[in-house]
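**Q** Sending over a structure as structure tokens; questions will come in a sec.
The values are calculated or read from the model by the stated rules, or taken from the named source; none is laboratory data. Values in this document were obtained by computation on a predicted structure and should not be read as measured data. Here Cβ is always computed from backbone atoms with ideal geometry, including for glycine, and neighbour counts include all displayed protein chains.
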């Protein structure tokens, strides 16, 4: 996959899935209403 968008990235499930998802796509775009999701992983962008 080229690009994957993950909504709810700061939540419990989103936090668990973010790192493994970066290995399945070229770019993971994480988004959430929360102001911060913590550490971003290589290949991940937070908007």
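**Q** Looking at region 29-47, I want the residues that are modelled with pLDDT of 95 or more and have a partner that is surrounded by fewer than 10 Cβ atoms within 10 Å (Cβ to Cβ) with Cβ atoms under 7 Å, at least 6 apart or on another chain. Which pairs are those?
**A** Cβ pairs passing all conditions: 29/47; 31/47.
**Q** Please go through region 2-14 and give me each residue that is assigned to a loop (DSSP other than H, G, I, E, B) and touching a helix residue (DSSP H, G or I) at 6+ places or on another chain (Cβ under 9 Å), ordered by number.
**A** Result: 8, 9.
**Q** Moving to a separate point now. Restricting to region 15-29, name every residue that is in contact with a strand residue (DSSP E or B) (Cβ under 8 Å, 6 or more places away or on another chain), farther than 14 Å from residue 45 by Cβ and assigned to a helix (DSSP H, G or I).
**A** Listed by number, the list holds a single entry, 17.
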